[in-house]
Amino acid sequence: MSETGKGFEMEKVFSPHEIEDRLYRMWEESGAFEAQRVPGKKPYTIVMPPPNITGQLHMGHAMDCLLQDAPIRYHRMKGDPTLWLPGTDHASIATEVKIVDQMKKEGLTKEMIGREAFLLRAWQWKEEYGGRINRQQRRLGASADWSRERFTMDEGCNEAVREVFVNLYRKGLIYRGNRIINWCPVCQTALSDAEVEYEEQHSHLWHIRYPAADGGTGVTVATTRPETMLGDTAVAVNPKDARYTHLVGKMVVLPILGKLIPVVADDYVDMAFGTGAVKITPAHDPNDFELAKRHDLPMIRVTNDDGTMNELAGKFAGMPEYDCRKAVVKELAAEGYLQKTEDYTHNVGTCYRCHTTVDPVTSLQWFVDMAPLAKPAIDAVREGKTRFIPERFSKIYYNWMENIRDWCISRHLWWGHRIPAWYCEECGEMIVQKDEPTKCPKCGSTRLRQDEDVLDTWFSSGLWPFSTLGWPHETEDLKYFYPTSMLVTGYDIIFFWVARMIFSGIEQMGETPFDTVLIHGLVRDAQGRKMSKSLGNGVDPLEVIDTYGADALRFSLAMGISPGNDTRFSTDKVEAARNFANKVWNASRFVLMNMDTKETIDPALLTLPDQWILARLQKAVAEVSAHMEDGDFGLSANKIYEFTWSEFCDWYIELAKGRLTGEDEAQKKNVRAVLYTVLEGILKLLHPFMPFITEEVYQHLPQREGMLILSQWPQVQPAFAFEAQERQMEGLMEIIRTIRNLRAEMKVQAGKRTHVTLLPEAGWADALAIAEPYLQRLAGASGVTIGKKGEASAEKTVSAICASAEIRIPLGELVDFDKEIARLTKEHEALAAEVERAKARLNNPGFTGKAPATLVAQEQEKLTTNQGMLDSLAQRIADLKANA
């Protein structure tokens, strides 16, 4: 029950845990998230970057979710047919590792149970854990269309993968070949270039002499991997290097193995690095591999897939590579071939998944010929068909795409999309087609064996924007929702995923898969460090939600962010967001307690504060909408925060209270109508960021229509512009703030009222004629007199100047002279004693001679400051005595 009559009651305290599950069920069960195709209307579509089924929600996911959910809710309220399509990724390597680890506890291996039984376990694992992260996203408030949820290995996506593979193979863009690849000996699979992370490692540079076959001095090479010399097939020098021209075309002896290898000349060799001569190990170095092709050199691989040396390594066979390195170096030294060892630091490739050092090796794998696919994808971004926000991230895209190498897409795993290639056991024919063949088209044999490998996970996720909409079938969803509107992702997977989606979309669909790529930064800890298990500084979003609620977490992530830049997470920010939620709740509760029904604004009865807040609402709507369209959600959140807290709560509600308790029924009705209008606008503007609290308050509004999530986004109302009145109110607010500051400086008691005289600047007299009730309510004024600029005062006053007026307040009304003189005298005495103590200390040679110079300087600085304060106090006391 309110002071003005029966109102709409809300709980006194906002409790997010009591509303979040209930509201989410209401939204989902009502079909509010489900996209509808509306002929003739352009849709707004986002495909959710599919989190791994092994995933557990972390702060990066929370940020990603917010930056998709906010524009989805905005466009849904705008009336756009809106689709946010969710799903998960099968994550070949990560999932297989999880299942293998699980099997180890049972004493089992993949080979012991076989492929079919292993895949059965994998699907069971997916059913048990695969939906976990999506359930966690629901707790964040993700308003995705779960009725369209997809999985990268569901039947439709699997069909799309096979279709693309066969299409590219028939065009000659997918091929099988023995090439140098990145091999992880722990994950036991090939990796693409994008899956290799480089880290600085400290090692050595070993200088090894290769004697000339004719008994001459030979040549010395420098290497960081002496164990691979067992697979050397040549030594290379630069043709311009005069030191070695006499050796080109001759043979040198490979130490330890004693076999002869040629010296070749190639421009690839850097004359300034090491000795200017390099050992060529084509099966273990990508540059050596290319050089070997140019010179028709053999390729000898001396390692196994598990990182041990193979039979071609001779007596070192079976040794782990690092042990072999030590043994080779020891033998080289013993036989006099090791010329020098020097410390060396260089960047070494490691597996992005397990961080083991990657082994470059030749291997028979499947590849995508990238050059023909990269060019149209580069052109699409250059021509603006897809834009990056911020634009600077397009440079990363160009750099990778313009220097791209063929993509190794086969993975030596069991979990994933199996390569649709079969081999005839009779004649060796290879058959590539979508469906499993029944017999060999060449010899008719039915003895067919499918390729054991699966495709790189990124191959299937690269098709995500169109495979999820039904491609290769021409579904209604595909025709309507493709191309999509925006992709939201972190800058760390621009080349992993974004580039692959762009070239795949152009190749298969004929157009780029999205108009905009919004890049967000990392969520770091409060100290700016990357969150990681090793540092133990990760924060579980679900624990934050349990403590503060989903809205507080979401708003804390939105406040202050800017596209592409990292942000820091702190509980202080979450607490500030929770305090804002409480402010919104309490303000809403106040408004609704004073409301019996929804009122209609009477323009003829609008007061200056009414006109001001309505004008400010229009600007908030315009600015927030513009920022939402631009993808600058941090600026949107900041504007909503400032308008709601500073303008509506701190100013307008306080200004409205006098009329709500007054006798003028027409004014009471009109102020309630304004309060309702502005509150409803705030709820709508804030809904994309704080969906739960805004929906809960909205459900309490009288004569509301349905749910807030499906309500209309606020529009700018030109009738409520009131620009002149807005400036007038701003002038009045400046006067109120100035008086409050004066009272604070003079330490005036809160309840003490003082008379205020305003001397208006030119053009402000009429505007300030209505100031009295507002100054009485918000500035502690007992009354207000409007004077004329320049007129003298009959008494001592305190004055201040504003843009709209000079303010004068009688000094005697602000201060009880006797009490103030007594208080200041007491302060003066205490400070004088401190000054004398400091002087005595600084005049003491025992202190100044022995104390550190910094301490003496601090003491001198403190004395200077205190002396200044003492002089100011003395002048203040003198002024008060003169006026008393």
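The values are calculated or read from the model by the stated rules, or taken from the named source; none is laboratory data. Predicted, not measured: the structure shown is a model, and the values here were computed from it. Virtual Cβ from ideal backbone geometry, glycine too; neighbours counted across all protein chains shown. Keep in mind that these areas ignore ligands, DNA and RNA; they rest on the heavy atoms of the full protein, side chains included. Shrake-Rupley method; radii C 1.70, N 1.55, O 1.52, S 1.80 Å.
Yes or no, residue by residue, for (1) buried (at least 17 other Cβ atoms within 10 Å of the Cβ); (2) free of Cβ contacts under 8 Å to residues at least 12 places away in the same chain; (3) assigned to a loop (DSSP other than H, G, I, E, B); (4) of a type outside the set (Asp, Glu):
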| site | (1), (2), (3), (4) |
| --- | --- |
| SER799 | no, yes, no, yes |
| ARG808 | yes, no, no, yes |
| LEU824 | no, no, no, yes |
| GLU827 | no, no, no, no |
| ALA830 | no, yes, no, yes |
| GLU836 | no, yes, no, no |
| LYS839 | no, no, no, yes |
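Residue check: ILE256 meets all listed conditions (1) under 20 Å from PRO286 (Cβ atoms); (2) in contact (Cβ under 8 Å) with a residue 60 or more places away in the chain but one, namely (1). Looking at segment 222-229, is at least one residue open to solvent by 20 Å² or more (accessible area, probe 1.4 Å) and either farther than 16 Å from TYR337 by Cα or not in a strand (DSSP E or B) (or both)? So far as segment 222-229 goes, yes, one or more of its residues are open to solvent by 20 Å² or more (accessible area, probe 1.4 Å) and either farther than 16 Å from TYR337 by Cα or not in a strand (DSSP E or B) (or both). For segment 629-648, the tally of residues that are open to solvent by less than 10 Å² (accessible area, probe 1.4 Å) and either aliphatic (A, V, I, L, M) or in a helix (DSSP H, G or I) (or both) stands at 8. Taking the criterion of being within 18 Å of the chain's Cα centre (by Cα), more than 25 Å from SER460 (Cα to Cα) and not in a loop (DSSP other than H, G, I, E, B), the residues of segment 505-551 that qualify are VAL523, ARG524, LYS530, PRO541, LEU542, VAL544, ALA550, ASP551. Counting the residues of segment 633-665 that are more than 23 Å from LEU778 (Cα to Cα) and at pLDDT below 95 gives 0.
Condition first: exposed (fewer than 13 other Cβ atoms within 10 Å of the Cβ) and either at pLDDT below 90 or within 22 Å of LEU254 (Cα to Cα) (or both). Now tell me which residues in segment 341-353 satisfy that. Don't jump to the end; show me each part of the working.
Within segment 341-353, the first condition is being exposed (fewer than 13 other Cβ atoms within 10 Å of the Cβ), and the residues that meet it are 342-343, 345-347.
Result: GLU342, THR345, HIS346, ASN347.
Are any of the residues in segment 12-33 crowded, with 17+ Cβ neighbours inside 10 Å, under 29 Å from the mean Cα position of the chain (by Cα), modelled with pLDDT of 95 or more and within 30 Å of VAL97 (Cα to Cα)? The answer is no, given that none of the residues of segment 12-33 is crowded, with 17+ Cβ neighbours inside 10 Å, under 29 Å from the mean Cα position of the chain (by Cα), modelled with pLDDT of 95 or more and within 30 Å of VAL97 (Cα to Cα). Which ones in segment 792-825 are under 21 Å from GLU734 (Cβ atoms) and of a type in the set (D, E, K, R)? GLU806, ARG808 - these are the residues of segment 792-825 that are under 21 Å from GLU734 (Cβ atoms) and of a type in the set (D, E, K, R).
Among THR865, THR848, which is among the β-branched types (Val, Ile, Thr) and either open to solvent by 80 Å² or more (accessible area, probe 1.4 Å) or in contact with a Leu (Cβ under 8 Å, 6 or more places away or on another chain) (or both)? Even if it seems obvious, please write down each step before you answer.
Values: THR865 fails: either open to solvent by 80 Å² or more (accessible area, probe 1.4 Å) or in contact with a Leu (Cβ under 8 Å, 6 or more places away or on another chain) (or both).
Selected residue: THR848, the only one of THR865, THR848 that is among the β-branched types (Val, Ile, Thr) and either open to solvent by 80 Å² or more (accessible area, probe 1.4 Å) or in contact with a Leu (Cβ under 8 Å, 6 or more places away or on another chain) (or both).
Of the listed requirements (1) out of contact with any strand residue (DSSP E or B) (no Cβ under 9 Å at 6 or more places or on another chain); (2) surrounded by 17 or more Cβ atoms within 10 Å (Cβ to Cβ); (3) assigned to a helix (DSSP H, G or I), VAL329 misses just one: (1). If you check ILE404, ILE378 for being assigned to a loop (DSSP other than H, G, I, E, B), of a type outside the set (Gly, Ala, Ser) and over 23 Å from the mean Cα position of the chain (by Cα), only one passes: ILE404. Considering segment 649-665, the residues that are in a helix (DSSP H, G or I) and among the charged types (D, E, K, R) include one that is farthest from the chain's Cα centre (by Cα), namely GLU665. The set of residues from segment 518-560 being of a type outside the set (Gly, Ala, Ser), buried (at least 23 other Cβ atoms within 10 Å of the Cβ) and either more than 14 Å from THR571 (Cα to Cα) or at pLDDT 95 or above (or both) comprises LEU518, ILE519, HIS520, ILE545, ASP551, LEU553, ARG554, PHE555, LEU557. Tally time: how many residues in segment 490-508 are open to solvent by less than 10 Å² (accessible area, probe 1.4 Å) and either β-branched (Val, Ile, Thr) or touching a Lys or Arg at 6+ places or on another chain (Cβ under 7 Å) (or both)? Selection size over segment 490-508: 3. Among the candidates ILE389, ILE378, the residue that is more than 29 Å from ILE280 (Cβ to Cβ), out of contact with any strand residue (DSSP E or B) (no Cβ under 8 Å at 6 or more places or on another chain) and open to solvent by less than 60 Å² (accessible area, probe 1.4 Å) is uniquely ILE378.
Give segment 460-489 a look and list any residue that's touching a strand residue (DSSP E or B) at 6+ places or on another chain (Cβ under 7 Å), open to solvent by 10 Å² or more (accessible area, probe 1.4 Å) and outside any loop (DSSP other than H, G, I, E, B), or say none. Scanning segment 460-489 gives SER485, MET486.
Where helices (runs of 4 or more DSSP H) fall wholly inside segment 98-179, the ranges with 1 or more residues that are at pLDDT 95 or above and surrounded by 20 or more Cβ atoms within 10 Å (Cβ to Cβ) are 115-129, 132-140, 155-170. Does ALA767 satisfy the condition of being at pLDDT below 90, more than 42 Å from the chain's Cα centre (by Cα) and part of a helix (DSSP H, G or I)? Against the criterion (at pLDDT below 90, more than 42 Å from the chain's Cα centre (by Cα) and part of a helix (DSSP H, G or I)), ALA767 qualifies. The set of residues from segment 300-310 being open to solvent by less than 40 Å² (accessible area, probe 1.4 Å) and not polar (S, T, N, Q) comprises ILE300, VAL302, GLY307, MET309. Here is the figure for segment 254-273: residues that are closer than 23 Å to LYS326 by Cα and buried (at least 19 other Cβ atoms within 10 Å of the Cβ) total 3.
Given the structure, is GLU195 under 28 Å from ASN134 (Cα atoms), touching a residue at least 60 places away in the same chain (Cβ under 8 Å) and surrounded by fewer than 18 Cβ atoms within 10 Å (Cβ to Cβ)?
no
Number of residues in segment 41-85 that are surrounded by fewer than 23 Cβ atoms within 10 Å (Cβ to Cβ), at pLDDT 95 or above and assigned to a loop (DSSP other than H, G, I, E, B) equals 6.
Among the candidates LYS668, LYS684, the residue that is in contact with a Ser or Thr (Cβ under 7 Å, 6 or more places away or on another chain), part of a helix (DSSP H, G or I) and more than 25 Å from CYS65 (Cα to Cα) is uniquely LYS668.
Residue-wise test of (1) closer than 30 Å to GLY549 by Cβ; (2) open to solvent by less than 10 Å² (accessible area, probe 1.4 Å); (3) of a type in the set (Lys, Arg).
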position	(1), (2), (3)
LYS583	yes, no, yes
LEU592	yes, yes, no
PRO603	no, no, no
HIS627	yes, no, no
LYS657	yes, no, yes
ASP664	no, no, no
GLN667	no, no, no
VAL674	yes, yes, no
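Every condition in (1) in a strand (DSSP E or B); (2) buried (at least 20 other Cβ atoms within 10 Å of the Cβ); (3) at pLDDT 95 or above is met by TRP415 except one, and the failing one is (1).
Name the one entry in ALA283, ALA313 that is farther than 30 Å from ALA91 by Cα, among the aliphatic types (A, V, I, L, M), open to solvent by less than 30 Å² (accessible area, probe 1.4 Å) and at pLDDT below 95. Break it down into steps so the answer makes sense when it comes.
Details: ALA283 fails: farther than 30 Å from ALA91 by Cα.
Selected residue: ALA313, the only one of ALA283, ALA313 that is farther than 30 Å from ALA91 by Cα, among the aliphatic types (A, V, I, L, M), open to solvent by less than 30 Å² (accessible area, probe 1.4 Å) and at pLDDT below 95.
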